[in-house]
Amino acid sequence: MPLQTADVLPLQGAAPDLSIVVTLYDEESTVEELYRRVVEALGARPFELVFVDDGSSDGTWAAVERLHEGDERVRGVRFKRNAGQHPAMHAGLSRARGDILVTMDGDLQNQPEDIPRLIAAVESGADVASGRRAARHDSWGRTVPSRLINGMLRRFTGVAISDFGCAFNAYRRSALEPMLPAIGKQKFTKALVLSGGASVVEVDVGHAARTGSSRYSPLRLTRLALHVLAGFWPQPIQWIGVALGILCTMLAATLGAYGVWYWIDRSDFPGPLLGGVAVLFVLGIQGFILALVGEYLGRIQREVEGRPLYTIDREL
């Protein structure tokens, strides 16, 4: 049976001034509650709700279909396979028709009741209302790497906001549209839009504890950090090469001085130990550089091949 809703405002072919884009991945348990809370939060204001199912393996798409049958403001896109949060965000934003576009995750860590506050910030003149999770409910293993990545993005983009990783934001269409071709390829939509000079205001938003484990493992967070370096830091290979040369030179001088002192004091030079430490240190830095080069090569390969960001299975 279609989900029954009250006070449904039909679009009748007209584009609403507000679009809510929600990315979903195995969110069967939350999608209908999220819809209900969005409707309650926005009241009689016209809007469209664009759900993007990023290849879920549970009943997420069936729930979206039920919502669409009961309310024509609900639109849906389903990927044939999981492509990732940012390609899913691109699919939703490229189909959204509003002058103000709100993005959020579908796991209810973002509170739909905060949507009017984000909208108000954009209507007051800002190009971007950046959600800031004032009280995060994540483990230290998630928050510490997140703070590191936020610091890198502040440094490389020159934009002094505190929470680049929050997906709960509102954008003015005129600020977002020029960057739309790059969204999906770049893993930080907000950083990309702000790097183009869009004005921003931060808005404190609620953050609920996530049920289950985070999808961002330490390995995935490390790859995210490399993506930040490759995407937002101009000429990183040159900078790292210079830093590596200076650091290795200083390290070699320090270890050499220690070896001489040790030899004078004890008439024995600990060559193997010092040599092993130096080699391991240099190899570690070289591994990081190779990983960064691999990120660049991967981007070049994807551009040359022209592969699509995602393939669509169904669309409502």
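The values are calculated or read from the model by the stated rules, or taken from the named source; none is laboratory data. Predicted, not measured: the structure shown is a model, and the values here were computed from it. Heads up, the Cβs are rebuilt from the backbone with ideal geometry, glycines too, and the neighbour counts pull from every protein chain shown.
Residues checked against (1) of a type outside the set (Val, Ile, Thr); (2) within 25 Å of residue 24 (Cα to Cα); (3) at pLDDT below 75:
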site: 129; (1), (2), (3): yes, yes, no
site: 136; (1), (2), (3): yes, yes, yes
site: 189; (1), (2), (3): no, yes, no
site: 199; (1), (2), (3): yes, no, no
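Could you tell me how many of the residues in segment 51-60 are of a type outside the set (Ser, Thr, Tyr) and crowded, with 22+ Cβ neighbours inside 10 Å?
4
Only residues that are modelled with pLDDT of 65 or more and among the aromatic types (Phe, Trp, Tyr): list them for segment 267-316, please.
Hits for segment 267-316 are 281, 288, 296, 310.
Is it the case, given these coordinates, that residue 48 is more than 23 Å from residue 194 (Cβ to Cβ), surrounded by fewer than 16 Cβ atoms within 10 Å (Cβ to Cβ) and at pLDDT 95 or above?
Against the criterion (more than 23 Å from residue 194 (Cβ to Cβ), surrounded by fewer than 16 Cβ atoms within 10 Å (Cβ to Cβ) and at pLDDT 95 or above), residue 48 does not qualify.
Specify the residue that is surrounded by the most Cβ atoms within 10 Å (Cβ to Cβ); the eligible residues are those in segment 89-111 that are hydrophobic (A, V, I, L, M, F, W, C) and in a strand (DSSP E or B). Talk me through it step by step, then tell me what you get.
If we filter segment 89-111 for residues that are hydrophobic (A, V, I, L, M, F, W, C), which is where we start, we get 89, 91, 93, 96, 100-102, 104, 108.
Imposing the further condition that a residue be in a strand (DSSP E or B) reduces the set to 100-102, 104.
Numbers: 100: 21, 101: 23, 102: 29, 104: 26.
Result: 102.
Where residues in segment 122-132 are of a type outside the set (Asp, Glu) and surrounded by fewer than 21 Cβ atoms within 10 Å (Cβ to Cβ), which of them is nearest to residue 189 (Cα to Cα)? Even if it seems obvious, please write down each step before you answer.
To start, the set of residues in segment 122-132 that are of a type outside the set (Asp, Glu) comprises 122, 124-126, 128-132.
Those left that are additionally surrounded by fewer than 21 Cβ atoms within 10 Å (Cβ to Cβ): 124-125, 132.
Numbers: 124: 22, 125: 20, 132: 15 Å.
My answer is 132.
Where residues in segment 26-40 are at pLDDT 95 or above and farther than 13 Å from residue 110 by Cα, which of them is surrounded by the fewest Cβ atoms within 10 Å (Cβ to Cβ)?
Result: 40.
Given the structure, is residue 174 modelled with pLDDT of 75 or more, loosely packed, with under 13 Cβ neighbours inside 10 Å, of a type outside the set (A, V, I, L, M, F, W, C) and assigned by TED's automatic domain parsing to the domain that holds residue 87?
yes
Here are the criteria: (1) of a type in the set (A, V, I, L, M); (2) within 14 Å of residue 18 (Cβ to Cβ); (3) in a strand (DSSP E or B). Tell me which single one residue 77 does not satisfy.
Of everything listed in (1) of a type in the set (A, V, I, L, M); (2) within 14 Å of residue 18 (Cβ to Cβ); (3) in a strand (DSSP E or B), residue 77 misses just condition (2).
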